[in-house]
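All remarks here apply to the structure that follows.
The values are calculated or read from the model by the stated rules, or taken from the named source; none is laboratory data. Computed from a predicted model, the values in this text were never measured in an experiment. Glycine also receives a Cβ, built like all others from the backbone with ideal geometry; neighbour counts cover every protein chain displayed. Accessible surface areas use protein heavy atoms only, side chains included; no ligands, DNA or RNA. Shrake-Rupley method; radii C 1.70, N 1.55, O 1.52, S 1.80 Å.
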Amino acid sequence: MGQNIQIQPTGNLTGSVNIPGDKSISHRSIMLAGLANTPVKVTNFLHAADCWSTINCMRALGVSVDQDKEGALTVTGNGFYGLREPKNILDAGNSGTTIRLLTGLLGAQPFFSIITGDASLRKRPMARVITPLIQMGLHIVGREQSRYAPLAIHAAEQIRGIEYDMPVASAQVKSAILLAALYASSPTVLHETMPSRDHTERMFETFGIPVKRVGNSIILEPVKQLQAPEHINVPGDISSAAFWLIAASIIPNSQLVLHNVGINPTRTGILDILQQMGADITVTNERWSGREPVADLVVRSAKLKGVTVEAEIIPRLIDEIPILAVAASFAQGQTIIKGAEELRVKETDRLKAISLELGKMGARITETADGLIIDGSQSLHAALCHSHDDHRMAMALAIAGLAARGVEIEEADCVKISYPDFFAVLADLSSGLTGGKQ
Ligand code: S3P
């Protein structure tokens, strides 16, 4: 059983936060570095349970990953054709990115493997990756007519490039296809309806793999080897920064400086929506971390107003909707979130979970088939809430409780999935200290 945590309102938040490494980029750095001929040093890697699932899977495939005292990793692979057959079942834990991306990569290898995950991951849809990968010639089967993990994968006779219209905007599906496509005998062309996060494409370029982008389409030629960089520095995760952006916005007299936040335009939907809501956020010190743009963000309290969040922007803020619902609960007027049905197949059904749990605190929030309708008010009360064992739910509820009259969260230790220091940083900021390791 997970641990409960009590959050008490402590007044304004001041200080600065070193934002931990981006989860999506951390996964990709290990996967690509594991296919290189030369060692790659990875700094500001996110040491959280999901990214460690990827490390453990890559280790089981023969890649060596060493960690120094500062947490920097050195990844030493055996080259583009150097992965080895794992001796046991691979465990992706709670991580959708690990299982989906590795399914594409494993399907292109000349050996047998099985990959599975925890109870939540085994309920999440896998047909979306298996369908296009089978079209490429890969051999993958899974439980319940290949809808769910565990997935069993064995060597393909031939891997063909495909031209594929992506039915859902999903970076995990796109990335699984692109990883398999590296090993194909012909080019792959993907068409997206709405652009999903493009960290895989940028990471490919970092490893010397050309990626052609035309409008919402991606064209990838197969390769025979990678040109690895010596060093990758992972930018901070805007999805983790989002909790502080909203906490400081809704708790009066707050001011926070968030250091080293990734501002890749495929991820900054939350900044656009918060700005429309009237938030006071300044983007400063813009710079590059490899091929990813980063900046420091300064956020001050502001009176937020309700907005309509249209389907088109959802892929750019998909993981921020639980905390956005908290912002909306404290805003003046109504917020409507549309086209967010993908939230129903995340670590939990986040539309259902956030309506239920914020409802326990007195929020006026209604679940629709594809989104939420939230009538803002300032009057949330203390309650006993449940995280649904979902890290982003636990953190969103913590901020709601901090801004209202407190909250007790059941199974709050799931924050270890993406932000193990979250509660420690929260305690520091409530007393005006710097939060997060340098
Ligand atoms: C991710 C893609 C998104 C996101 C997830 C991480 C990635 O999932 O929600 O947290 O690293 O590619 P989908 O591809 O299912 O939208």
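Contact annotation: residue pairs with Cβ atoms under 8 Å, 6 or more positions apart or on different chains, pairing a residue in segment 221-250 that is over 10 Å from Asp22 (Cα atoms) and free of Cβ contacts under 8 Å to residues at least 60 places away in the same chain with a partner that is among the β-branched types (Val, Ile, Thr) and not in a loop (DSSP other than H, G, I, E, B), are Leu245/Ile270; Leu245/Ile281; Leu245/Val299.
Would a scan of segment 15-34 turn up a residue that is within 16 Å of the ligand (Cβ to nearest atom), assigned to a strand (DSSP E or B) and closer than 15 Å to His231 by Cβ? Within segment 15-34 (the criterion being within 16 Å of the ligand (Cβ to nearest atom), assigned to a strand (DSSP E or B) and closer than 15 Å to His231 by Cβ), the answer is yes, since at least one residue qualifies. Within segment 225-244, being surrounded by fewer than 24 Cβ atoms within 10 Å (Cβ to Cβ) and in contact with a strand residue (DSSP E or B) (Cβ under 6 Å, 6 or more places away or on another chain) holds for Ala228, His231, Asn233. Residues that are within 12 Å of Ile354 (Cβ to Cβ) and open to solvent by 10 Å² or more (accessible area, probe 1.4 Å) within segment 312-344 comprise just one, Arg344.
Screening Gly2, Gly34, Gly77, Gly21 for residues that are open to solvent by less than 60 Å² (accessible area, probe 1.4 Å) and modelled with pLDDT under 95 leaves exactly one candidate, Gly2. Are any residues in segment 37-58 open to solvent by less than 10 Å² (accessible area, probe 1.4 Å), out of contact with any His (no Cβ under 7 Å at 6 or more places or on another chain) and part of a helix (DSSP H, G or I), and if so, which ones? Across segment 37-58, the qualifying residues are Asp50, Ile55, Cys57, Met58.
May I ask you to verify whether Ala184 is within 24 Å of the chain's Cα centre (by Cα) and either open to solvent by less than 40 Å² (accessible area, probe 1.4 Å) or not assigned by TED's automatic domain parsing to the domain that holds Gly339 (or both)? Against the criterion (within 24 Å of the chain's Cα centre (by Cα) and either open to solvent by less than 40 Å² (accessible area, probe 1.4 Å) or not assigned by TED's automatic domain parsing to the domain that holds Gly339 (or both)), Ala184 does not qualify. Inspect all residues belonging to segment 118-141 and state whether any of them is touching a residue at least 60 places away in the same chain (Cβ under 8 Å), of a type outside the set (A, V, I, L, M, F, W, C), within 15 Å of the ligand (Cβ to nearest atom) and touching a helix residue (DSSP H, G or I) at 6+ places or on another chain (Cβ under 7 Å). Scanning segment 118-141, I find at least one residue that is touching a residue at least 60 places away in the same chain (Cβ under 8 Å), of a type outside the set (A, V, I, L, M, F, W, C), within 15 Å of the ligand (Cβ to nearest atom) and touching a helix residue (DSSP H, G or I) at 6+ places or on another chain (Cβ under 7 Å), so the answer is yes.
Checked against the criteria, Arg392 counts as part of a helix (DSSP H, G or I) and buried (at least 18 other Cβ atoms within 10 Å of the Cβ).
Restricted to segment 187-224, and to residues there that are under 15 Å from Met31 (Cα atoms) and among the charged types (D, E, K, R), the residue that is surrounded by the most Cβ atoms within 10 Å (Cβ to Cβ) is Glu201.
Every residue, every condition in (1) over 21 Å from Gly236 (Cβ atoms); (2) touching a strand residue (DSSP E or B) at 6+ places or on another chain (Cβ under 9 Å); (3) in the same structural domain as Glu205 (by TED's automatic domain parsing), yes or no:
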residue: Ala248; (1), (2), (3): no, yes, no
residue: His259; (1), (2), (3): no, yes, no
residue: Gly262; (1), (2), (3): no, yes, no
residue: Pro265; (1), (2), (3): no, yes, no
residue: Ile270; (1), (2), (3): no, no, no
residue: Asp280; (1), (2), (3): no, yes, no
residue: Ala331; (1), (2), (3): yes, yes, no
residue: Lys338; (1), (2), (3): yes, yes, no
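Is it the case that segment 315-324 has a residue that's within 29 Å of Gln8 (Cβ to Cβ) and away from the ligand (no atom under 16 Å from the Cβ)? No, segment 315-324 contains no residue that is within 29 Å of Gln8 (Cβ to Cβ) and away from the ligand (no atom under 16 Å from the Cβ).
Within segment 359-373, residues that are within 9 Å of Ile337 (Cα to Cα) have Cβ atoms under 8 Å from residues that are among the acidic types (Asp, Glu) and not in a strand (DSSP E or B) in these pairs: Asp370/Glu341; Gly371/Glu341, counting only partners at least 6 apart in sequence or on another chain. Between Ser355, Ser379, the distinction of being surrounded by fewer than 16 Cβ atoms within 10 Å (Cβ to Cβ) and away from the ligand (no atom under 16 Å from the Cβ) belongs to Ser379 only. Within segment 126-145, the residues that satisfy the criterion of being in contact with a strand residue (DSSP E or B) (Cβ under 9 Å, 6 or more places away or on another chain) and buried (at least 16 other Cβ atoms within 10 Å of the Cβ) are Met126, Val129, Ile130, Pro132, Leu133, Ile134, Met136, Leu138, Ile140, Gly142.
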